[in-house]
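Peer 1: My structure is below; once you've seen it, I'll send some questions.
The values are calculated or read from the model by the stated rules, or taken from the named source; none is laboratory data. Computed from a prediction, not measured in an experiment: that's the story for all the values here. Neighbour counts are summed over all protein chains in view; Cβ atoms, including those assigned to glycine, are modelled from backbone coordinates with ideal geometry.
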C-alpha cells in the first residue's frame, strides 16, 4: 500500500484490477485551518492508454501493482517501433510509439540507464533517468558577456525537444535536462 502523499510520477497503481501509471500530480493546500492537502492525480491505463483523473487526501492509500524492474538500453528505431535490450539477458524487445510517447523527447541511440517495469512478462512502461545529457542542435547565437541569470532563449535538442536555455548557451553545447519537468538544468 502507498499513500497519496508518497506517489511519484511513473508509480504503477492498481485501480479496479488494471495497472495505471501516474502521469501527473498536483497539490492543493486548502487555506482553512485543519484542511488536509489534496492531491490531484492523472493516471494513464498502461494497456489501453486511457486517462483517469482522481483526487486524494494525503493519507489515502492505494495498492501498488507488483512488477519487476530491469535495466534496459535503447538501441534503435525502425519505422514506428523502438528496439530495446535487456542488459542482463541481452534479449531484445520492441515497443511502439504509443507505448513510449512520453520518453521519446529524451531517447538517443545506445542510451542506458532506462528502467523497464515488467508485469507478467510484459513491459508496462519505461522509467527514464531523472536527468539526461543532450546536445543542442539549433538555437540563437550566444551573446558574449551574458550571465547565467539573464534571459533565456529556445534551443532545439538532438531529439527534437525544445527547452529554454540561458543566452550564453551555443549550438553544439551539451546540456543536462530534467526528464520529469522537461527543463534545462545546467551545461555539461
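Peer 1: Looking at 40, 49 in this structure, which one is in a loop (DSSP other than H, G, I, E, B) and either more than 15 Å from the chain's Cα centre (by Cα) or in the same structural domain as residue 12 (by TED's automatic domain parsing) (or both)? Show your work before the answer.
Peer 2: Working: 40 fails: in a loop (DSSP other than H, G, I, E, B).
Unique residue meeting the criteria: 49.
Peer 1: Right, here's the next one. Looking at 77, 153, 70 in this structure, which one is farther than 30 Å from residue 50 by Cβ and assigned to a strand (DSSP E or B)?
Peer 2: Testing whether each residue is farther than 30 Å from residue 50 by Cβ and assigned to a strand (DSSP E or B) leaves just 153.
Peer 1: Here's a follow-up. Assuming residue 66 fulfils every condition listed in (1) over 30 Å from residue 3 (Cα atoms); (2) surrounded by fewer than 13 Cβ atoms within 10 Å (Cβ to Cβ); (3) touching a residue at least 40 places away in the same chain (Cβ under 8 Å) apart from one, which condition is it?
Peer 2: So the condition that residue 66 fails would be (1).
Peer 1: Additional query: Scan the range 112-121 and give yes if some residue there is free of Cβ contacts under 8 Å to residues at least 60 places away in the same chain, in contact with a strand residue (DSSP E or B) (Cβ under 8 Å, 6 or more places away or on another chain) and assigned to a loop (DSSP other than H, G, I, E, B), otherwise no. Working first, answer last.
Peer 2: Step one: of the range 112-121, the residues free of Cβ contacts under 8 Å to residues at least 60 places away in the same chain are 112-116, 118, 120-121.
Among the residues that remain, those that are also in contact with a strand residue (DSSP E or B) (Cβ under 8 Å, 6 or more places away or on another chain) are: 112-116, 118.
Next cut, assigned to a loop (DSSP other than H, G, I, E, B) only: none.
Looking for residues that are free of Cβ contacts under 8 Å to residues at least 60 places away in the same chain, in contact with a strand residue (DSSP E or B) (Cβ under 8 Å, 6 or more places away or on another chain) and assigned to a loop (DSSP other than H, G, I, E, B), one finds none in the range 112-121, hence no.
Peer 1: When residue 91 is evaluated against the numbered criteria (1) surrounded by fewer than 12 Cβ atoms within 10 Å (Cβ to Cβ); (2) closer than 27 Å to residue 4 by Cα, which criterion, by number, is the only one it fails?
Peer 2: Here residue 91 meets the rest and fails (2).
Peer 1: Further question: Take the range 8-35 and flag every residue that is surrounded by fewer than 15 Cβ atoms within 10 Å (Cβ to Cβ), touching a residue at least 12 places away in the same chain (Cβ under 8 Å) and more than 20 Å from residue 100 (Cβ to Cβ).
Peer 2: Those that are surrounded by fewer than 15 Cβ atoms within 10 Å (Cβ to Cβ), touching a residue at least 12 places away in the same chain (Cβ under 8 Å) and more than 20 Å from residue 100 (Cβ to Cβ): 14, 15, 26, 27, 28.
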